[in-house]
Amino acid sequence: NAGVMQNPRHLVRRRGQEARLRCSPMKGHSHVYWYRQLPEEGLKFMVYLQKENIIDESGMPKERFSAEFPKEGPSILRIQQVVRGDSAAYFCASSTNRDNEQFFGPGTRLTVL
Amino acid sequence: AQSVTQPDIHITVSEGASLELRCNYSYGATPYLFWYVQSPGQGLQLLLKYFSGDTLVQGIKGFEAEFKRSQSSFNLRKPSVHWSDAAEYFCAVGGGNEKLTFGTGTRLTIIP
C-alpha cells in the first residue's frame, strides 16, 4: 500500500506566478489535510477536505489560496500570484474515517524567487 | 482554542544517554495526542499516539510517552538514544477527524 504521495517535491516559481501542489492520499483514505511549514517553524494547519467537500478551511489565507479534493484524482492546493512569503514546505496528510491518525506525505518545497 | 507547547527548542544528548522531550497541551475535550519525527528535508513519521486507555504508550524505535491529564502533558522518552535519533520532534494534539495542532518542535542533537 503506497503511502501519501505529493508532487512535485520541489517547485520554483517567480513572484506573480501560480503554484499547484498535488496530493494523492493513501488507498482507502477519504480525508485530506494540508499543512504549511515555514522555515524553522512547526506545521500550521491550512485546510481539511473530504471528497468534493471542504470541511474546515480556518487556516487558509483568505486570498490567493484554494484547495479541492475532487471525486476522482488527487487533492490540489492552488496558490495564485505567489509572493516570497509563500516559500515554505507544504505537507499533505490523509486519514480514514475511523480515527485521527494522519499519515503524512514527503512534502512539496515551494521556493518563490 | 487548542495549543501545544514544546518548551525546549534544542536538546543535546550523548549517545546512549536517556532522553525526555517535553510537551504540554491545551484542549477542551479528551485529546488525541501524537509525537512525530522529522529528519531534515523529509516528511513526518508517526512515533506514537494516544487516543485512550493505558496512559503509557509504546511507539516505534524504542520511544514511549506518558499521558498525564492532571499536568496536561505528553512527554516523550527513550532510555538510550542512538545517533540515528538526531532529528526534529513534534508533539501534536487533535480530536476525532479534525486538524492537528503542532508544537514548534524540539531539535535533538546527539553527540558521541
In segment B:21-30, what residues are part of a strand (DSSP E or B) and either basic (Lys, Arg) or surrounded by 14 or more Cβ atoms within 10 Å (Cβ to Cβ) (or both)? B:Leu21, B:Asn24, B:Tyr25
Taking segment B:72-100 and keeping residues facing chain A (nearest Cβ under 7 Å) and assigned to a strand (DSSP E or B) leaves B:Phe90, B:Gly94
Counting only residues in segment A:93-113 that are within 13 Å of the chain's Cα centre (by Cα) and more than 9 Å from every other protein chain (Cβ to nearest Cβ), the one modelled with the lowest pLDDT is identified as A:Ser94
How do the strands (runs of 3 or more DSSP E) wholly within segment A:19-83 filter down when requiring 1 or more residues that are within 12 Å of another protein chain (Cβ to nearest Cβ): which remain? A:19-24, A:31-37, A:43-50, A:53-56
Of these, B:Ser39, B:Ser18, which one is within 14 Å of chain A (Cβ to nearest Cβ), on the phi < 0 side of the Ramachandran plot and small (Gly, Ala, Ser)? B:Ser39
So is B:Gln58 touching an Asp or Glu at 6+ places or on another chain (Cβ under 8 Å) and surrounded by fewer than 19 Cβ atoms within 10 Å (Cβ to Cβ) or not? yes
Taking A:Ala89, is it of a type in the set (Gly, Ala, Ser), over 14 Å from A:Arg20 (Cα atoms), assigned to a strand (DSSP E or B) and within 14 Å of chain B (Cβ to nearest Cβ)? no
Report, ordered by the first and then the second residue, all pairs with beta carbons closer than 6 Å, sequence separation of six or more or different chains, a first member in segment B:99-112 that is more than 17 Å from B:Gly43 (Cβ to Cβ) and modelled with pLDDT of 95 or more, and a second member that is assigned to a loop (DSSP other than H, G, I, E, B) and acidic (Asp, Glu). B:Thr106/B:Asp8; B:Ile110/B:Glu15
Of (1) in contact with a Phe, Trp or Tyr (Cβ under 6 Å, 6 or more places away or on another chain); (2) charged (D, E, K, R); (3) free of Cβ contacts under 8 Å to residues at least 12 places away in the same chain, A:Arg36 satisfies every one except (3)
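The values are calculated or read from the model by the stated rules, or taken from the named source; none is laboratory data. Please read these numbers as outputs of a predicted model, since none were measured by experiment. Note: ideal-geometry Cβ built from the backbone for every residue, glycine included; neighbour counts use all protein chains shown.
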